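The values are calculated or read from the model by the stated rules, or taken from the named source; none is laboratory data. Fair warning: this is a prediction, and the values are worked out from it, not measured in the lab. In this analysis, Cβ positions are derived from the backbone assuming ideal geometry, glycine residues included, and neighbour counts consider all displayed protein chains. All accessible areas refer to the heavy atoms of the entire protein, side chains included, with ligands and DNA or RNA removed. Shrake-Rupley method; radii C 1.70, N 1.55, O 1.52, S 1.80 Å.
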Amino acid sequence: QLQLVESGGGLVQPGGSLRLSCTVSGFTSNNVAIGWFRQAPGKNREGVSCISSASSGGDTYYADSVRGRFTISRDNAKQTVYLEMNSLNSEDTAMYYCAADVVPAGVFRLCVLQNSYPYDSWGQGTQVTVSS
């Protein structure tokens with residue numbers, strides 16, 4: 001069974017950087033898309049960035065609020081997807097989750113940020129707090 005484990009969160013000062021990791025276990029395939037989502041207290045969950053499965057081209061997407069500051073990447077050998085976050089500000093404070101979409105063989109499907117479908121596996125989250 002596919003499992004996801006996030007790491008790399010913590011407390012950082014405004015303007016600082018963090019790198020989050022999402023490690024996939026229990027499943028080895030080029031057909032997995034990964035999305036990063038975040039949820040701040042009292043706010044709805046927000047899609048931050050995603051990377052399509054290698055079988056669907058591996059395209060990356062970003063929310064407008066993080067484009068130019070965050071970078072998503074994948075290390076297939078380590079079964080890990082990274083979210084490099086720079087120029088952090090207080091509005092980036094949230095619990096960050098990664099989620100996986102296993103794309104059926106032969107299907108072309110780009111990753112999405114607008115909602116939680118079709119992601120069907122979620123990690124437990126890692127807290128990011130931006131504060132001086």
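Going through region 68-109 one residue at a time, which ones are surrounded by fewer than 15 Cβ atoms within 10 Å (Cβ to Cβ) and assigned to a loop (DSSP other than H, G, I, E, B)?
Matches in region 68-109: G68, N86, S87, N89, P104, A105, G106, V107, F108.
The conditions are (1) among the polar types (S, T, N, Q); (2) open to solvent by less than 60 Å² (accessible area, probe 1.4 Å); (3) closer than 18 Å to R109 by Cα, and S65 fails exactly one of them. Which is it?
If we test S65 against (1) among the polar types (S, T, N, Q); (2) open to solvent by less than 60 Å² (accessible area, probe 1.4 Å); (3) closer than 18 Å to R109 by Cα, just (3) comes out false.
If a residue must be over 22 Å from N89 (Cβ atoms) and aliphatic (A, V, I, L, M), how many such residues does region 30-66 contain?
5
In region 42-58, what residues are more than 17 Å from V107 (Cβ to Cβ) and buried (at least 17 other Cβ atoms within 10 Å of the Cβ)? Quick ask: steps written out before the conclusion?
If we filter region 42-58 for residues that are more than 17 Å from V107 (Cβ to Cβ), which is where we start, we get 42-49.
Within region 42-58, G47, V48, S49 qualify.
Within region 30-41, is even one residue at pLDDT 95 or above, assigned to a strand (DSSP E or B) and open to solvent by 90 Å² or more (accessible area, probe 1.4 Å)?
Checked region 30-41: no residue is at pLDDT 95 or above, assigned to a strand (DSSP E or B) and open to solvent by 90 Å² or more (accessible area, probe 1.4 Å).
If a residue has to be in contact with a Phe, Trp or Tyr (Cβ under 9 Å, 6 or more places away or on another chain) and not in a strand (DSSP E or B) to count, how many in region 54-65 make the cut? Step through it out loud before you land on a result.
Going through region 54-65, the residues in contact with a Phe, Trp or Tyr (Cβ under 9 Å, 6 or more places away or on another chain) turn out to be 55-57, 62-63.
Applying the additional criterion that residues be not in a strand (DSSP E or B) yields 55-57, 63.
Looking only at that region, the number is 4.
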